[in-house]
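Below you'll find the structure, written out as structure tokens, and then a few comments.
The values are calculated or read from the model by the stated rules, or taken from the named source; none is laboratory data. All figures in this text were calculated on a predicted structure; none of them were measured in a lab. Glycine also receives a Cβ, built like all others from the backbone with ideal geometry; neighbour counts cover every protein chain displayed.
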Amino acid sequence: MTMPRARQICLDQTPYYHCVSRCVRRAFLCGIDGYSGKSYEHRQGWVEALLLKLSDAFCIDLVGYAVMANHYHVILKVDTDLASSLSDHEVIDRWARLYAVGPLLSRYRSGKPLLEWEVEQAASQIGHWRVQLTNLSRWMGYLNERIAREANKEDGCSGRFWEGRFKSQALLDDTALLQCMAYVDLNPVRAGIVKTPEASLYTSLRHRLNYSVNRLVPFLSTNSDSSPPTTEPIPLLFSEYLDLVDWTGRIIRDDKIEAIPDSYPPIHDRLDTSRQQWIRAMTPRKNWLQRALGSTDKVQAYCRAIGQRWLWQRSDIRPVP
């Protein structure tokens with residue numbers, strides 16, 4: 001059953017969300033059209049550049065992403081504390097990176113004197129923008145609209161570019177977050193585009209490997225001399241995450257099932273999940289995205305928070321306790 005987006009996003013339960021958008025056309029979003037032979041692979045750079053631009057403007061951090069031929073995945077972290085701490089001028093500056101602020105806010109921004117009613121109107125507008133800077137729908141809407149406009153312009157056509165609204169999935173605990181990150185970074189491997197995750201071009205894993213100072217939510221650091229992160233880090237060392245992705249990549253490939261080593265990466269022992277649960281979480285499901293991912297008690301709490309009365313669990317539908 002469908003549910004309004006406002007009910008699906010429950011920041012009291014988790015700041016982490018996995019979002020997916022898929023192209024509606026026969027021609028690929030960023031791949032090679034098998035019918036015409038035309039390549040659209042350069043559009044992957046459009047998506048990646050916009051993702052990084054949005055993470056600088058919104059109070060929503062970029063955790064992970066993968067830009068595929070006809071769809072993309074993105075993992076986001078909503079930072080409401082940052083939005084609350086911004087000054088009015090910082091809110092205007094961030095909004096101005098994406099949208100026109102108008103003459104009134106331009107005058108307010110430059111420090112020019114305003115009438116009392118203008119000050120009240122400016123304060124109201126800034127308050128609205130402060131909320132919008134943490135709005136997932138606004139983030140995804142900006143991204144999808146810009147890509148659709150550029151693609152339509154390039155194709156010399158008009159009309160719908162995406163098959164519908166983006167799908168979202170709440171990530172309710174650390175295990176769910178790591179499962180989803182590995183799932184997203186391994187998309188090119190599962191699709192048969194590359195043999196190893198580090199060989200993919202437009203994924204968050206490749207971004208982290210290529211840039212010494214990346215613009216994604218950081219992992220834990222063992223370097224005591226490094227400056228503290230501006231946001232809470234992912235509860236794992238990057239080296240351990242690489243081991244986790246490599247291990248997961250081997251077990252999801254049919255021709256490598258017998259090659260799984262007996263000793264798992266150390267990180268697996270620290271995760272509250274079994275090997276079977278992990279493999280099940282890594283298995284792609286066609287045309288369906290679980291609304292929330294996490295332990296049973298976390299999922300039940302999330303369902304109660306958003307007013308969900310029924311819960312799918314282990315191929316069974318039951319009332320939420």
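Of note, LEU54 satisfies the criterion of being assigned by TED's automatic domain parsing to the domain that holds TYR202, crowded, with 21+ Cβ neighbours inside 10 Å and not in a strand (DSSP E or B).
Condition first: within 20 Å of LEU54 (Cβ to Cβ) and in contact with a strand residue (DSSP E or B) (Cβ under 7 Å, 6 or more places away or on another chain). Now tell me which residues in the range 119-169 satisfy that. Scanning the range 119-169 gives THR134, LEU136, TRP139, MET140, ASN144, ALA148, PHE161, TRP162, PHE166, LYS167, SER168, GLN169. Inclusion of LEU178 among residues that are over 18 Å from TRP139 (Cβ atoms), modelled with pLDDT under 90 and buried (at least 22 other Cβ atoms within 10 Å of the Cβ) is not warranted.
Residue by residue through the range 161-215, note down the ones that are polar (S, T, N, Q) and either within 15 Å of the chain's Cα centre (by Cα) or under 17 Å from LEU236 (Cβ atoms) (or both). Residues satisfying the conditions are SER168, GLN169, THR175, GLN179, ASN187, THR203, SER204, ASN214. Quick one: LEU51 ticks every box in (1) out of contact with any strand residue (DSSP E or B) (no Cβ under 6 Å at 6 or more places or on another chain); (2) in contact (Cβ under 8 Å) with a residue 60 or more places away in the chain except a single one, so which number is it? Failing condition for LEU51: (1).
Flag not set for GLY127, criterion: under 17 Å from the mean Cα position of the chain (by Cα), modelled with pLDDT of 90 or more, surrounded by fewer than 17 Cβ atoms within 10 Å (Cβ to Cβ) and within 29 Å of VAL91 (Cβ to Cβ). Against the test of being surrounded by 14 or more Cβ atoms within 10 Å (Cβ to Cβ), modelled with pLDDT under 90 and in contact with a His (Cβ under 6 Å, 6 or more places away or on another chain), the options ARG22, ARG43 yield a single qualifying residue, ARG22.
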